[in-house]
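The values are calculated or read from the model by the stated rules, or taken from the named source; none is laboratory data. Here the structure is a predicted model, which means the values were calculated and not measured. Cβ: placed from backbone, ideal geometry, glycine included. Neighbour counts: every protein chain shown.
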Amino acid sequence: MMQEGDFMSWAKAAHREQFIANPKARLREQVHEVMRFKQFSLPTESSYWNWIRQFILFHSKRHPREMGKPEVEAFFDVSG
């Protein structure tokens, strides 16, 4: 018999389940797919996309996959 704690552990693990967006899609569509999977609201999705877009433009249109912690820190040092 499953106890309440067991169910909560299972529910939390299921909630953290990863979703992999279509790698052939453009970045904007990948972000949209992941946000829909995680059930984020459309205004939240739009806000996240605007931050991602500003980050990309700040770094001369480099793809986020090519960047790491130093680029994120540089972006927030200027933005913050």
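The set of residues from segment 39-61 being within 24 Å of Gln18 (Cα to Cα), surrounded by fewer than 11 Cβ atoms within 10 Å (Cβ to Cβ) and among the small types (Gly, Ala, Ser) comprises just one member, Ser41. Pairing each residue of segment 39-60 that is part of a helix (DSSP H, G or I) with any residue that is exposed (fewer than 10 other Cβ atoms within 10 Å of the Cβ) and β-branched (Val, Ile, Thr), provided the two are 6+ apart or on different chains, yields C-beta distances under 9 Å for Phe58/Val78. If you go through segment 25-38 and pick out every residue that is closer than 17 Å to Gln54 by Cβ and loosely packed, with under 15 Cβ neighbours inside 10 Å, you end up with 1. Count of segment 62-71 residues, restricted to those that are surrounded by 12 or more Cβ atoms within 10 Å (Cβ to Cβ), free of Cβ contacts under 8 Å to residues at least 24 places away in the same chain and out of contact with any Pro (no Cβ under 9 Å at 6 or more places or on another chain), is 2.
It is to be established whether one or more residues within segment 38-58 are more than 15 Å from the chain's Cα centre (by Cα), at pLDDT 80 or above and of a type in the set (Lys, Arg). Looking for residues that are more than 15 Å from the chain's Cα centre (by Cα), at pLDDT 80 or above and of a type in the set (Lys, Arg), one finds none in segment 38-58, hence no.
The residues of segment 2-37 that are modelled with pLDDT under 85 and either of a type in the set (A, V, I, L, M, F, W, C) or within 21 Å of Ile56 (Cα to Cα) (or both), listed by number, are Met2, Phe7, Met8, Trp10, Ala11, Ala13, Ala14, Phe19.
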